[in-house]
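J.: There's a structure below that I have some questions on.
The values are calculated or read from the model by the stated rules, or taken from the named source; none is laboratory data. All values reported here derive from a predicted model rather than from experimental measurement. All Cβ positions, glycine included, derive from the backbone under ideal geometry; neighbour counts span all protein chains shown.
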Amino acid sequence: MNQNKIFGNWINGKEVHSGSLPFSTYNPILDQPNSGDFIEATADEVSQALEYASKDFYEFSRLSGDRRGEFLDAIAYEIEALGDDLIQTYCNETGLPEGRARGERGRTLGQLKLFADEARSGSWQMPSIDLAIPDRSPLPKADIRKVMLPLGPVAVFGASNFPLAYSTAGGDTASALAVGCPVIVKSHPMHAGTSFMVASAIVNAVHRTKMPKGIFAHLNSRDHRIGQQLATHPMVKAIGFTGSEKGGRALFDLAAQRKEPIPVFAEMGSVNPVVVFPEKLEHENDQLVQELSDSIMLGTGQFCTSPGLIFGIEGALWKSFCAQMGSSLSQRATQSMIHPNLKYAFNQMKSEQLKHAGLKTLCSMSEVNGPNHVGQSLLQLKGVDFINNPHFQHEVFGPFAIMVSCKDWEELDLAISCLKGSLTGTIMATQESLSSHVSLIEKLQHRVGRVIFNQVPTGVEVCASMQHGGPYPASTDSRFTAVGNDALLRWVRPVSFQNFPQTLLPKALQTKNSLGLDQRIKSIKK
Ligand code: NAP
């Protein structure tokens, strides 16, 4: 990446910048701004991007699945072709290690290829056919056929902690493009350079595969203004958001107040409860200390699936486990947050928590090893205090967790019932011990999107059976997932065609089934 350049916005296949508000990204390890100026999009540029997207939506949505698949594969190819420049920019903007950058790029390419295959298969159209019954009595039944159609232009907001996999060409963008929705990316200000480069790769793929140029735009933004304009713009038909509860809720509320409200699929923060059974501690205490401490520290705790609440039953085993967790975390070196703003937010959220009565400190690192490092913290709390104070359920984004000591199973059951929605819920138990507490599985499955047995919650596989989303505040619509094949269902809506001539129906609904889709056909009962 040319460090001295001025970086504009990608609109209709071109880089443009008519604005005059520059900003730069920050290297948290060197504790200094990165070179290169990003020019924030103007209000006119936002409108232009949406006009092009709306105009090209119809052509794009009419393209065959093979053509859209070709486009998504080309995006993956172009991102890979950015080579080490992209990795370097990612590392400069986050302070994350190169291995993490390469791993996240691999996942991003994998997601693009997965959605290329989905576009080709076309199974997301879910054609359903009820044949006419003209001689039905007392009234004849009409021929009715239903298919999924794309919503229109989607605005995508990525999160700071995944500059590739949950950002510019991440799951939201790939899944929306797969079904024929144009995408307007609001670039994340903390990784504007990574985002710009990935956007340039998407634009190259647009040109190379001869896609309509308006189907992708990338807008630089240094504060909430661009995001708010997008959320309220009448040409935006849906929003994909990954980020904080505060940000997601603000956009959700804005979208709901529009003259034409639109769906906002916001994937937000989560505290990811873990329940540890005494029987597990009897047999695997040391391994569990290691695994859970690693999970809390992974990426300096900047993972949406980071374990934030760990529940157990009071007793000698639990007491010793809590102490060992505290000392394991205390022995680890502190790590950098990806941006000074996140360091500030972590320290602020942590001190907010510490104002509440009942917390005992198990680990609190005050000496840090670098400019944007934060001290990991582990606290302990009685079950009754947790149940009585919902404040302890707020996500502290970073290496922070609370061990909740419940006096018995009844109190633990009550604590789990009080939980707000989370992305994941983990049970660390022996199979036998869990069999004696099956009601816990039932309680947990109603509070989270993914229930995990004997594995840590960090790490999200991209596959058809993955559910990444949970009851509010984990996400604004728990019926959908942000990760895996079904992520594309957020960008489509069902439309029925009644009594239509065969040749005028969408191909997916025609009886000759030239697309070879799995049509659900209701047979005629005489
Ligand atoms: P963030 O501050 O909410 O920012 C996310 C995006 O939303 C940014 O582009 C931000 O840009 C924009 N934004 C925030 N508030 C806004 C508002 N009031 N109006 C309009 N736009 C707004 O989140 P982050 O710090 O980047 O990411 C960390 C959070 O993401 C953590 O809470 C983490 O748990 C969560 N996360 C969740 C998942 C998941 O899948 N559930 C995955 C990764 C991360 P501007 O600041 O320029 O407005």
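J.: Given the structure, is ALA401 in a strand (DSSP E or B) and within 16 Å of the ligand (Cβ to nearest atom)? Working first, answer last.
T.: Values: in a strand (DSSP E or B): yes; within 16 Å of the ligand (Cβ to nearest atom): yes.
Judged against the criteria, ALA401 is a match.
J.: While we're here: Under the condition of being within 16 Å of the ligand (Cβ to nearest atom) and either assigned to a strand (DSSP E or B) or buried (at least 24 other Cβ atoms within 10 Å of the Cβ) (or both), which residue from segment 134-161 is modelled with the lowest pLDDT?
T.: Of everything passing the filter in segment 134-161, GLY158 is modelled with the lowest pLDDT.
J.: Return the total of residues in segment 167-187 being among the small types (Gly, Ala, Ser), within 15 Å of the ligand (Cβ to nearest atom) and in a helix (DSSP H, G or I).
T.: Number satisfying all stated conditions: 3.
J.: Could you figure out which of (1) part of a loop (DSSP other than H, G, I, E, B); (2) under 19 Å from LEU317 (Cβ atoms) isn't true of LYS420?
T.: (2)
J.: Here is a further query. Within the bounds of segment 232-243, is there any residue that is assigned by TED's automatic domain parsing to the domain that holds TYR58, basic (Lys, Arg) and either closer than 27 Å to LEU414 by Cβ or surrounded by fewer than 24 Cβ atoms within 10 Å (Cβ to Cβ) (or both)?
T.: Step one: list which residues in segment 232-243 are assigned by TED's automatic domain parsing to the domain that holds TYR58, which gives 232-243.
Checking the rest, the ones that are also basic (Lys, Arg) come to 237.
In the following step, the residues that additionally are either closer than 27 Å to LEU414 by Cβ or surrounded by fewer than 24 Cβ atoms within 10 Å (Cβ to Cβ) (or both) were identified as 237.
Scanning segment 232-243 turns up at least one residue that is assigned by TED's automatic domain parsing to the domain that holds TYR58, basic (Lys, Arg) and either closer than 27 Å to LEU414 by Cβ or surrounded by fewer than 24 Cβ atoms within 10 Å (Cβ to Cβ) (or both).
J.: Restricting to segment 367-393, name every residue that is farther than 22 Å from LEU30 by Cα, touching a His at 6+ places or on another chain (Cβ under 9 Å) and within 16 Å of the ligand (Cβ to nearest atom).
T.: None - no residue of segment 367-393 is farther than 22 Å from LEU30 by Cα, touching a His at 6+ places or on another chain (Cβ under 9 Å) and within 16 Å of the ligand (Cβ to nearest atom), so the list stays empty.
J.: If you don't mind, another one. Identify the residue in segment 204-250 that is in a strand (DSSP E or B) and either more than 10 Å from the ligand (Cβ to nearest atom) or of a type outside the set (Ser, Thr, Tyr) (or both) and, among all such residues, is nearest to ARG493 (Cα to Cα).
T.: ALA238
J.: Can you find a residue in segment 328-350 that is in contact with a Lys or Arg (Cβ under 8 Å, 6 or more places away or on another chain), in contact (Cβ under 8 Å) with a residue 24 or more places away in the chain, surrounded by fewer than 21 Cβ atoms within 10 Å (Cβ to Cβ) and under 27 Å from MET190 (Cα atoms)?
T.: No.
J.: Taking only segment 423-442 into account, find how many residues are surrounded by fewer than 20 Cβ atoms within 10 Å (Cβ to Cβ) and outside any loop (DSSP other than H, G, I, E, B).
T.: The total comes to 9.
J.: Can you name the helices (runs of 4 or more DSSP H) wholly within segment 15-120 that have at least 2 residues being in contact with a His (Cβ under 9 Å, 6 or more places away or on another chain) and surrounded by 18 or more Cβ atoms within 10 Å (Cβ to Cβ)?
T.: On the way: elements: 43-62, 65-81, 83-94.
Output list reads 43-62, 83-94.
J.: Can you list residue pairs whose Cβ atoms sit under 6 Å apart, with the first residue in segment 73-101 being closer than 17 Å to TYR166 by Cβ and in contact (Cβ under 8 Å) with a residue 24 or more places away in the chain and the second being in a helix (DSSP H, G or I) and basic (Lys, Arg)? Count only pairs 6 or more apart in sequence or on different chains.
T.: ALA76/LYS113
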